[in-house]
1. Being charged (D, E, K, R) and farther than 13 Å from Ala158 by Cβ is the filter; apply it to segment 106-124 and report the residue that is most open to solvent (accessible area, probe 1.4 Å).
2. Run down Gly240, Gly159 and say which single residue is under 17 Å from the mean Cα position of the chain (by Cα), of a type in the set (Gly, Ala, Ser) and modelled with pLDDT under 95.
3. Among the residues of segment 8-31, write down those that are open to solvent by 60 Å² or more (accessible area, probe 1.4 Å) and touching a residue at least 40 places away in the same chain (Cβ under 8 Å).
4. Would you check if Asp185 is open to solvent by 90 Å² or more (accessible area, probe 1.4 Å) and modelled with pLDDT under 70?
5. How many residues are closer than 16 Å to Gln9 by Cβ and not in a strand (DSSP E or B) if we restrict to segment 35-45?
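The values are calculated or read from the model by the stated rules, or taken from the named source; none is laboratory data. From a predicted model like this one, the values you see are computed outputs, not experimental measurements. Every residue, glycine as well, gets a Cβ built from its backbone with ideal geometry; the counts of neighbours run over all protein chains shown. These accessible areas exclude ligands, DNA and RNA; they are computed on the full protein's heavy atoms, side chains included. Shrake-Rupley method; radii C 1.70, N 1.55, O 1.52, S 1.80 Å.
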Amino acid sequence: MRCHQVDYQIIGHDIQMVEVELDPKETVIAEAGAMTYLEQDIDFEAKMGDGSGGVMDKLFGLGKRMLTGESVFLTHFTNSGVQKRRVAFAAPFPGSIAALNLAELGEEVICQKSAFLAAAFGTQVDIAFNKRLGSGFFGGEGFILQRLRGDGMAFIHAGGTVIRKELRNETLRLDTGCLVAFSGDIDYNIGMSGGLKSMLFGGEGLFLATLAGTGSVWIQSMPFSRLAERVLSQYKPPIGQDSQ
């Protein structure tokens, strides 16, 4: 299926949202609850899955999303009018939005399961299980990933600042929580962060994500899990209130 060719604008700096412009009859899909505002003539409907594939493919995809705790519904926003209209989406926590032109990225990007925000209709949004057991046991979020396939625009969100690095038959190591997404040709694995002393006292964690090959990698500076941990560490309950 060919993706709808939508226009867009990313608005803001530290806490961003993306405004998508739809021509008549164009559709964009998004995670439930991501919509911020929409103009007149845009209708929306919650549907099971992304609308691609046959009946068996849809059922199989929905089953995988249920097993991994993901919502089985995506919201479809369609311009039913005769003029261009806009709808905007924002991430559920402070951070940045990255626009991915899947046609320029080999028509496939793998991202953390919570990173997907919205995409042009025709984009396949699927669950991808990491085949490497080491990644599953030690990679935290790295075992269950999302696969975005298509030839249109897709939008992902992450915490803090998002940067894109290009690998040219190179290897990159990074904190497992800081990995947002990578193009389909990149090989992903989890490895030890260093010697025993560095692992125990270096403060960088026991394991690092290793990405190798040629392609693009997106990295976030402040994973939500790290932000939540810092906030909770500073929380002091009122006197007389049970800290638990």
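1. Pass one, segment 106-124, residues charged (D, E, K, R): 107-108, 113.
Still in the running and farther than 13 Å from Ala158 by Cβ: 107-108.
Values: Glu107: 92, Glu108: 44 Å².
Step by step, filter segment 106-124, then rank; the result is Glu107.
2. Gly159 is the lone residue from the list that is under 17 Å from the mean Cα position of the chain (by Cα), of a type in the set (Gly, Ala, Ser) and modelled with pLDDT under 95.
3. Tyr8, Asp14, Ile15, Lys25
4. In short, no.
5. So the answer is 1.
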